[in-house]
1. Of all the accessible heavy-atom surface of segment 1-60, with the other protein chains kept in place and a 1.4 Å probe, what percent is carbon and sulfur?
2. Please state the charge dipole magnitude for the chain, taken about the Cα centre, from unit charges on C-beta atoms (+1 on K and R, -1 on D and E), reported in debye and rounded to the nearest 20.
3. Which of the aspartates and glutamates could be linked to Lys5 by a straight reach, that is with a Cα gap under 15 Å, when you skip same-chain ones fewer than 8 residues away?
4. Taking the square root of 5 times each eigenvalue of the Cα gyration tensor, what semi-axes in Å does the equivalent ellipsoid of the chain have, largest first?
5. May I ask you to give the solvent-accessible area per residue for the chain, in square angstrom, as obtained with a 1.4 angstrom probe?
6. Pick from Pro47, Pro67, Pro25 the residue whose mean-square fluctuation is largest in a GNM of the chain, springs joining Cα atoms under 10 Å.
7. Express in nm, to one decimal, how much length is gained between Tyr61 and Leu74 on full extension, taking 0.36 nm for each residue of separation and deducting their alpha carbon distance.
8. What's the extension gain from Ser14 to Asp46 if we count 0.36 nm per residue and subtract their Cα-Cα distance?
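The values are calculated or read from the model by the stated rules, or taken from the named source; none is laboratory data. As the structure is a prediction and not an experimental result, all values here were calculated from the model. Quick reminder, even Gly has a Cβ in these numbers, built from the backbone with ideal geometry, and neighbours come from all protein chains shown. Protein only, heavy atoms only, side chains kept; ligands, DNA and RNA dropped before computing areas. Shrake-Rupley method; radii C 1.70, N 1.55, O 1.52, S 1.80 Å.
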Amino acid sequence: MHCPKCSNPCNRDSVDVGVGVIHGPYGCSRCGWSEDAEYDLSDGKDPVDDKGGVIDQWGGYWPPGSPRAMAFKLGRKCS
């Protein structure tokens with residue numbers, strides 16, 4: 001699938017749960033678009049929630065204090 005906003009190839013996370021495969025939403029690594037409106041970051045939505053956790057366009061969530069959330073917040077301070 002290609003991103004409907006920027007035409008970049010999209011991908012999604014998948015996990016085999018033993019009786020089938022669960023797929024997350026398609027997301028674009030270039031513009032932040034997600035096929036799930038809750039995770040769509042393409043229009044400037046802040047990925048950091050009010051608790052300090054971080055979402056991504058593939059349906060992922062990293063809780064406050066996790067290495068990914070801390071790295072994202074550190075990256076914001078440097079830019």
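1. 48 percent
2. 420 debye
3. Those aspartates and glutamates meeting the cut-off are Glu35, Asp36, Asp40, Asp43.
4. Over the Cα atoms of the chain, the ellipsoid semi-axes are 22, 18, 10 Å.
5. 65 Å²
6. Comparing Pro47, Pro67, Pro25 in the GNM, the peak value goes to Pro67.
7. Gain on extension, Tyr61 to Leu74, equals 3.0 nm.
8. 9.1 nm
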